[in-house]
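The values are calculated or read from the model by the stated rules, or taken from the named source; none is laboratory data. This one's a predicted model, so the numbers in the text were calculated from it and none came from an experiment. A quick note on method: Cβ atoms are made from the backbone with ideal geometry, for glycine too, and the neighbour counts reach across all protein chains shown.
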Amino acid sequence: MLGAPGVGKGTQAQRLMAAWGIPQISTGDILRELRKKPESEAGAIGSLAKQLMDAGKLVPDELVNQLVAERLLAADTERGYILDGYPRTLGQATWLDEHLGAVLTKLPVVAVSIEVGYDVLLRRITGRRTCPTCSRIYNVYSQPPIVDGVCDVDGTPLVQRPDDTEPVFEERMRTYHAVTAPVVEHYRGLGRFTEVNGDQAVEEVTHSVASAIRELRKQDL
Ligand code: AP5
C-alpha cells in the first residue's frame, strides 16, 4: 500500500485486515512500538528511530528491511499480508523483490497507490488522532470518536502523533516526492500496480482498493 503521508494507507489496511483476515504490516507502527521500549531493550535503534521520525526523515533501509524480514517470519503471514508504508525507497523495493523471490515465491506482490491532493493531506494529518492501545485511527474532522478524545474500542485517551505538525508534514512530503515517488514508478513498471482516488469516503476507497487488488490478483489464477 503506497501513498503520501496521511493519504489513508493505515485506515485502508486496517479495514482490509478486518475483512480478509490477513495482517497489516505497518513499518511506521513497528517503529513506533520500538521507540516506546526502554533503551535497555531497544538499544540505540529506538532513539535513532525517534530522532528521525520526529524530524520527518526516513529510518535507514537496513534497519527497516531487518524489521520486515523478522515480521514476515510470523505464521499469520502465510495467507498474505498488507504492507503499509513499506517499501518507501528504491533500496527497500529492491530488497523486498529479492527477499520475496528467494523466500516467499508463493505470494506475488501487487501494489496499490492511494492518491490525494496536498490540502486534503494536510487536513487529514493535523486532524488525525490515534489510540495508543489498539492503534485505531480517528480524525477530528472526518472520523471522530463517539466520545471526544477517547477510543471507541477500549476507552483509551487518544493521542496526536509528534510528526503530525505542519512543519514535519512538509518535510515528510519532501521526502515522499524525492525518495518514495520513484518506488511508485518501480511498481508501475512491473505492471502489477494500480492507482486509487483516495479523496472519497473511507468505504468507497476500501471498495476501490479491494477491487483493484482482486483485479491484479486475477493474473495469478
Ligand atoms: P508512517 O507511520 O508510515 O507514516 P506515513 O507514511 O507518513 O503515513 P501516515 O501514517 O501518516 O498516513 P496514512 O497514509 O497511514 O493515513 P491514515 O490512514 O492514518 O511513517 C512514519 C515515519 O516512520 C516516517 O516518516 C519514517 O520516519 C518512519 N518510517 C515508516 N516506514 C518507513 C520505511 N519503510 N522506511 C523508512 N522509514 C520509515 O489517515 C490519515 C488521517 O486521515 C486519519 O485521521 C484518518 O482518519 C483520515 N482519513 C483516512 N482516509 C480518509 C478518507 N477517505 N476520508 C476522510 N478522512 C480520511
Only one of THR27, THR89, THR94 is under 27 Å from THR194 (Cα atoms) and in contact with a strand residue (DSSP E or B) (Cβ under 9 Å, 6 or more places away or on another chain); which?
THR27
Which of (1) within 14 Å of the ligand (Cβ to nearest atom); (2) of a type in the set (A, V, I, L, M, F, W, C); (3) free of Cβ contacts under 8 Å to residues at least 24 places away in the same chain does LEU100 not meet, given it meets every other one?
(1)
What's the total number of residues in the stretch 1-42 that are charged (D, E, K, R), more than 24 Å from ALA181 (Cα to Cα) and within 11 Å of the ligand (Cβ to nearest atom)?
2
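Give the stretch 183-197 a look and list any residue that's in a helix (DSSP H, G or I) and within 17 Å of the chain's Cα centre (by Cα), or say none.
Taking the stretch 183-197 as the starting set, the residues that turn out to be in a helix (DSSP H, G or I) are 183-190.
Selection gives VAL183, VAL184, TYR187.
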ARG172 more than 13 Å from the ligand (Cβ to nearest atom) and not small (Gly, Ala, Ser)
no
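Just checking, does the stretch 200-212 include any residue being part of a strand (DSSP E or B), near the ligand (Cβ under 10 Å from one of its atoms) and under 24 Å from ALA19 (Cα atoms)? It would help to see each step written out before you state the result.
The first filter runs over the stretch 200-212 and keeps only residues part of a strand (DSSP E or B), leaving none.
Within the stretch 200-212 (the criterion being part of a strand (DSSP E or B), near the ligand (Cβ under 10 Å from one of its atoms) and under 24 Å from ALA19 (Cα atoms)), the answer is no, since none of the residues qualifies.
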Within the stretch 210-217, is even one residue in contact with a helix residue (DSSP H, G or I) (Cβ under 8 Å, 6 or more places away or on another chain) and surrounded by fewer than 19 Cβ atoms within 10 Å (Cβ to Cβ)?
yes
Restricting attention to the stretch 160-176, does a residue exist that is among the aliphatic types (A, V, I, L, M) and either touching a His at 6+ places or on another chain (Cβ under 6 Å) or surrounded by fewer than 16 Cβ atoms within 10 Å (Cβ to Cβ) (or both)?
no
Let me spell it out: the conditions are (1) within 14 Å of the ligand (Cβ to nearest atom); (2) at pLDDT below 95, and ASN197 meets all of them except one. Which number is the exception?
(2)
Among the residues of the stretch 70-98 satisfying the criterion of being more than 23 Å from PRO5 (Cα to Cα) and of a type in the set (A, V, I, L, M), which is nearest to the chain's Cα centre (by Cα)?
LEU72
Among the residues of the stretch 123-132, is any aliphatic (A, V, I, L, M) and out of contact with any Asp or Glu (no Cβ under 6 Å at 6 or more places or on another chain)?
no
Extreme residue, surrounded by the fewest Cβ atoms within 10 Å (Cβ to Cβ), among residues of the stretch 76-87 that are touching a helix residue (DSSP H, G or I) at 6+ places or on another chain (Cβ under 8 Å) and farther than 16 Å from GLN12 by Cβ
THR77
If I go through the stretch 124-138 residue by residue, how many of them are within 8 Å of the ligand (Cβ to nearest atom) and of a type outside the set (Ser, Thr, Tyr)?
6
